[in-house]
Amino acid sequence: GAGVSQSPSNKVTEKGKDVELRCDPISGHTALYWYRQSLGQGLEFLIYFQGNSAPDKSGLPSDRFSAERTGGSVSTLTIQRTQQEDSAVYLCASIQSQGVGTEAFFGQGTRLTVV
Amino acid sequence: GQQVMQIPQYQHVQEGEDFTTYCNSSTTLSNIQWYKQRPGGHPVFLIQLVKSGEVKKQKRLTFQFGEAKKNSSLHITATQTTDVGTYFCAGSKNFNKFYFGSGTKLNVKP
């Protein structure tokens, strides 16, 4: 595809349910980030994948959050037993390779609402 | 750990006034990037600075990278309503993982 694709674009779920958010990065991009953005707030780092290296999970807020990146491409962010404070826009960004002249391309995000 | 601090958090200006946002790091950066997020949109890349003391311009926008490569600024001359949005800096060390600043939300009153 031409850009980073995220699905679903909107998700409303009941408190306590599990959700899966998907990110399709630009083909060939080796680095992938997940961020969370609450209304009117900044970007909260969640997790970072770089090539075949072990992911940097230092931003995951609790053990209810996990993420995978299969085959170095598609990534899935899973939130178990969702809570109302998980409501936010979840943004995915991919980078061709970490180095000079590379920029992060963001997807449109998934707006998660926990009711 | 490495942190990138950004100020101010909010800025309200009258159209035609100038605007500046500042980004500061506790450690020396290899490079710094700037992004703009329009209301309801996602961050979009504006520019990257790599060299110590580097200055780049894009029309009314001027970007600077400090001599010590620990700070950066974005200055907008004569703001327009189209400049409304949140501006983020993102720094990295050794061209590795990016650390985003908290962003500066700019509101321009016509």
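Pairing each residue of segment B:43-57 that is surrounded by 15 or more Cβ atoms within 10 Å (Cβ to Cβ) with any residue that is in a loop (DSSP other than H, G, I, E, B), provided the two are 6+ apart or on different chains, yields C-beta distances under 7 Å for B:Phe45/A:Glu103; B:Phe45/A:Ala104; B:Gln48/A:Gly101; B:Gln48/A:Glu103; B:Val50/A:Val100.
Within segment A:90-100, the residues that satisfy the criterion of being at the interface with chain B (Cβ under 9 Å from one of its Cβ atoms) and either assigned to a strand (DSSP E or B) or modelled with pLDDT of 95 or more (or both) are A:Leu91, A:Ala93, A:Ile95. Check segment B:7-27 and report whether any residue there is within 14 Å of chain A (Cβ to nearest Cβ), within 26 Å of A:Phe45 (Cβ to Cβ) and touching an Asp or Glu at 6+ places or on another chain (Cβ under 7 Å). For segment B:7-27, residues within 14 Å of chain A (Cβ to nearest Cβ), within 26 Å of A:Phe45 (Cβ to Cβ) and touching an Asp or Glu at 6+ places or on another chain (Cβ under 7 Å): absent. When A:Gly40, A:Gly107, A:Gly28 are checked against the criterion of being under 23 Å from B:Val44 (Cα atoms), facing chain B (nearest Cβ under 9 Å) and exposed (fewer than 13 other Cβ atoms within 10 Å of the Cβ), A:Gly40 stands alone in meeting it. In segment A:60-89, the residue that is nearest to the other protein chains (Cβ to nearest Cβ) out of those that are out of contact with any Lys or Arg (no Cβ under 7 Å at 6 or more places or on another chain) and among the small types (Gly, Ala, Ser) is A:Ala67.
On the stretch given as segment B:95-110, residues that are assigned to a strand (DSSP E or B) and either without any contact (Cβ under 8 Å) to a residue 60 or more places away in the chain or more than 9 Å from every other protein chain (Cβ to nearest Cβ) (or both) total 5. Evaluating A:Thr76 against the criteria (1) at positive phi; (2) of a type outside the set (Asp, Glu); (3) in contact with an Asp or Glu (Cβ under 8 Å, 6 or more places away or on another chain) leaves one unmet condition, (1).
From A:Gly59, A:Gly16, which residue is of a type outside the set (Ser, Thr, Tyr), touching a residue at least 12 places away in the same chain (Cβ under 8 Å) and at positive phi? Full working, then the answer.
Working: A:Gly59 fails: at positive phi.
Every option except A:Gly16 fails the conditions.
Checking each residue in segment A:15-43 for being in contact with a strand residue (DSSP E or B) (Cβ under 6 Å, 6 or more places away or on another chain) and part of a loop (DSSP other than H, G, I, E, B) picks out A:Lys15, A:Pro25, A:Ile26, A:His29, A:Ser38, A:Leu43.
Residues that are on the phi > 0 side of the Ramachandran plot and in contact (Cβ under 8 Å) with a residue 24 or more places away in the chain do not occur anywhere in segment A:34-48. Note on segment B:72-94: among residues that are touching a strand residue (DSSP E or B) at 6+ places or on another chain (Cβ under 6 Å) and part of a loop (DSSP other than H, G, I, E, B), the one that is farthest from the other protein chains (Cβ to nearest Cβ) is B:Thr79.
The values are calculated or read from the model by the stated rules, or taken from the named source; none is laboratory data. Values in this document were obtained by computation on a predicted structure and should not be read as measured data. Cβ coordinates were reconstructed from backbone atoms using ideal geometry, including for glycine residues, and neighbour counts include every protein chain displayed.
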